[in-house]
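Every number in this text was worked out from the coordinates using simple rules, so none of it is lab data. All values reported here derive from a predicted model rather than from experimental measurement. Note that we place each Cβ from the backbone using ideal geometry, even for glycine, and neighbour counts take in every protein chain shown.
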């Protein structure tokens, strides 16, 4: 068995005390090689050379036990492959790097059992806090966290009855108002909504908001929600679209990024014209929008702001024992060709 290199071995190799090695390893080294501790630049360089020569790996677990802090944050999204969540994750990673935190990423894939497993894994690593996009029916997995005192921020989706969690959410009521007003003002009256058949707060809120906005305009008889199963194939989306058009639907309010992209593909496959045959307002930007035949109107929520607010709130909860709060972000309507009056 290969003998594990210890901090004592590094001290002996560098000809310094163990305390001096520890001081250098726990300091920040500037661009000029000078540590931000009371150790000479030449000594710090010799210690770091000894670390590299011996292949010493600091025992972060032991250090966290002594300090009560690991400087690790878990970011658990619903689907890291979704460009919306991958952008947020990248922004959080950059913020964490500047703030001296390490990030572990995981996805629940909209599965509450997987959410439970990744939460358990994060707990075993001793993370300082978690930023979580809740999965459908994930309350049981998350409720175990409520008594552990671990700072948690819910991002984009909410678990309403969960105590002591921070929340960074979009004002969905305003997003609904902007979308329906845009289509209504363009002359459309038979406006239908497309949503995933999933038990998550954002979907419930957007369906309720759609109904409310239609009712306000006297269009309650035209209310129709088209439900898609998460992971629907394009053939199922095409069938949904054919049925909507056959009912006389003039416009669609598409409530997620993936639904928007899938519906755009279905429109193209069915040789429908936008907005002549069907108009729509989508949700969240996708690079696909830039290569689509018609420019796409969509609700924009800033991934950079979502990342900043959730990371900043979590760090304040970790470092300053700040109380959990709620930040409600304002959506923006990006008005383009898909919602124009044909």
note = To the nearest 10 degrees, the tilt of helix 303-319 (Cα long axis) against the first principal axis of the alpha carbons of the chain is 40 degrees
task = Would you mind ranking 83, 339 so that the residue whose beta carbon has the fewest other beta carbons within 10 Å leads the list?
result = 83, 339
key: Residue exposure sequence - 252, 169, 183, 125 - by fewest surrounding Cβ within 10 Å   = 125, 169, 183, 252
remark   = Stretched fully, the stretch from residue 26 through residue 53 gains (0.36 nm per residue minus C-alpha distance, one decimal, in nm) 7.9 nm
inquiry  = Using 0.36 nm times the number of residues separating residue 148 and residue 215, minus their current alpha carbon distance, what extension gain do you get?
reply    = 19.7 nm
request  = Please give the helix 201-216 orientation as an angle from the longest Cα principal axis of the chain, in degrees from 0 to 90, rounded to the nearest 10.
outcome  = 30 degrees
Per-residue [θ]222 nm for the chain (sum of -39500 (n - 2.57) over DSSP H runs n ≥ 4, rounded to 500) = -13500 deg cm²/dmol
query = Expressed as an acute angle from 0 to 90° and rounded to the nearest 10, what is the orientation of the C-alpha long axis of helix 172-185 relative to the principal long axis of the chain?
reply = 30 degrees
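Calculate how many DSSP beta bridges within the chain are antiparallel, expressed in % of all such bridges and rounded to the nearest 5. Working shown, then result.
Numbers: 4 of 37 bridges.
Taking every DSSP beta bridge within the chain, about 10 percent pair in antiparallel fashion.
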request  = Can you tell me which of 220-230, 282-292 comes out highest on packing, and rank the rest after it, using the mean Cβ neighbours within 10 Å?
outcome  = 282-292, 220-230
note = Each label sits 7 Å from Cα toward the beta-carbon; between residue 94 and residue 235 the label points are separated, in nm, by 4.2 nm
inquiry  = Here are labelled values, (1) 30; (2) 44; (3) 36, and one is the computed percent of Cα pairs over 32 Å apart for what I pasted. Which one?
reply    = (2)
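Hey, fewest Cβ within 10 Å first, where do 314, 262 land in order?
On the way: 314 27, 262 22.
Ranking 314, 262 by Cβ neighbours within 10 Å, fewest first, gives 262, 314.
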task = Report the calculated FRET efficiency for residue 340 and residue 312 (r = Cβ-Cβ distance, R0 = 41 Å), to the nearest 0.05.
result = 0.60
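Starting from 0.36 nm per residue, how many nanometres of slack lie between residue 42 and residue 224 once their C-alpha separation is accounted for?
Details: separation 182, 0.36 × 182 = 65.52 nm, distance 7.25 nm.
Between residue 42 and residue 224, full extension yields 58.3 nm more.
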note = Within segment 151-190, the residues whose backbone N lies under 13 Å from a label point placed 7 Å from the Cα of residue 322 along the Cα-to-Cβ direction are 152-153, 166-168
request  = Enumerate the residues in segment 275-306 having an amide nitrogen under 17 Å from the point lying 7 Å beyond the Cα of residue 247 toward its Cβ.
outcome  = 278-281
